[in-house]
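Asks: My structure is below; once you've seen it, I'll send some questions.
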Amino acid sequence: MPIEYVELMKEGIESDPSFKFAQGIAIKLRDFLNRPEIEDEIRRKDICDARSTEIQEIILPCAKDLRFENEARGKFKDYECKDLRPDYFNSEARILLEVERGKTIMNNMDLLDMWKCHVCQDAKYLFLIIPKARASKDGRRVKQFYLTRNRISSFFREQNYVNVDAVFLFGYGDDT
């Protein structure tokens, strides 16, 4: 099942060279995630009680190729939460990349990731890799990708702008 991909951005940012650079990286990441063997590997790990680190391990080779640093330190040194770290960071493109699994909506991790990018002085863009849906032990499926898209899109209304120029959402797994 192909990766769901959505770009949420501030109005008029499409022509900014830094946006185009970040978008080019996003497209390369999307193409990697859409490879059949990567989709299969993610599908095997996208199960109830799986951890985001299991998905990160699949993505890591591509992230490294795209010049992301794993758990970059020091990005929040000017704040009381100095030890906060992104999953990955690309300093050249100013992209903070976060990979989520089960807690995307349940623990507001999508909003925490948005806040992290907002307060990170070195970041302008957020790549958020999340499941399309999350299975629970009781058999319910929460459509996390669509809920996250709707929640994050609020920050891209002009009256709600934050210090993030765009969010690139990547939804993996089954959405049913």
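Each reported figure results from applying straightforward, stated rules to the coordinates on display, with no laboratory input. Computed from a prediction, not measured in an experiment: that's the story for all the values here. Glycine gets a Cβ as well: all are built from the backbone with ideal geometry, and neighbour counts include every protein chain shown.
Asks: Can you tell me which of 144-150, 49-55 comes out highest on packing, and rank the rest after it, using the mean Cβ neighbours within 10 Å?
Replies: Going from most to least packed, we get 144-150, 49-55.
Asks: For residue 64 and residue 106 in the same chain, what is the full-extension length gain: residue separation times 0.36 nm, less their Cα-Cα distance, in nm?
Replies: Additional length available on full extension: 12.2 nm.
Asks: Would you mind listing how long the chain runs along its three principal axes, going by Cα atoms, in whole Å with the largest first?
Replies: If we take the Cα atoms of the chain, the spans are 41, 33, 33 Å.
Asks: Okay, next question. Quickly rank 151-162, 1-12 as a protection proxy: mean count of other C-beta atoms within 10 Å, highest first.
Replies: Packing proxy ranking, top to bottom: 1-12, 151-162.
Asks: Then there is this: How much length would be gained if the chain were fully extended between residue 43 and residue 30, taking 0.36 nm per residue of separation minus their Cα-Cα distance, in nm to one decimal? Could you put the intermediate results ahead of the total?
Replies: Details: separation 13, 0.36 × 13 = 4.68 nm, distance 1.55 nm.
So the chain would gain 3.1 nm between residue 43 and residue 30.
Asks: Which cross-chain or sequence-distant (5 or more) residues have an amide H under 5 Å from the amide H of residue 5, H modelled 1.01 Å from N in plane?
Replies: Excluding prolines and chain starts, which carry no amide H, the hits are 171.
Asks: Suppose only helical runs count, i.e. DSSP H with n ≥ 4. What mean residue ellipticity at 222 nm does that imply for the chain under -39500 (n - 2.57) per run, divided by all residues and rounded to the nearest 500 deg cm²/dmol?
Replies: One gets -11000 deg cm²/dmol as the mean residue ellipticity at 222 nm.
Asks: If you don't mind, another one. Can you find, among 24, 6, 112, the residue sitting farthest towards the positive end of the charge dipole of the chain, where Lys and Arg contribute +1 and Asp and Glu -1 at Cβ?
Replies: In the chain, that residue is 112.
Asks: If one takes the longest principal axis of the Cα atoms in the chain, at what angle in degrees, from 0 to 90 and to the nearest 10, does the Cα axis of helix 36-45 lie?
Replies: The angle comes out near 80 degrees.
Asks: Moving on to the next point. With label points built 7 Å along Cα→Cβ from the Cα atoms of residue 20 and residue 147, find their separation and express it in nm.
Replies: For the pair residue 20/residue 147, the computed spacing is 3.8 nm.
Asks: Follow-up question, since we're still on this one. So, by mean Cβ neighbours within 10 angstrom, what's the order for 90-101, 35-46 with the highest one leading? Intermediate results must be reported in sequence, preceding the final value.
Replies: On the way: 90-101: 22.2, 35-46: 14.4.
Sorting 90-101, 35-46 by mean packing, highest first, produces 90-101, 35-46.
Asks: While we're on this one: Could you work out how far the C-alpha centroid of segment 91-122 sits from that of segment 14-55, in angstrom?
Replies: Result: 15 Å between the Cα centres.
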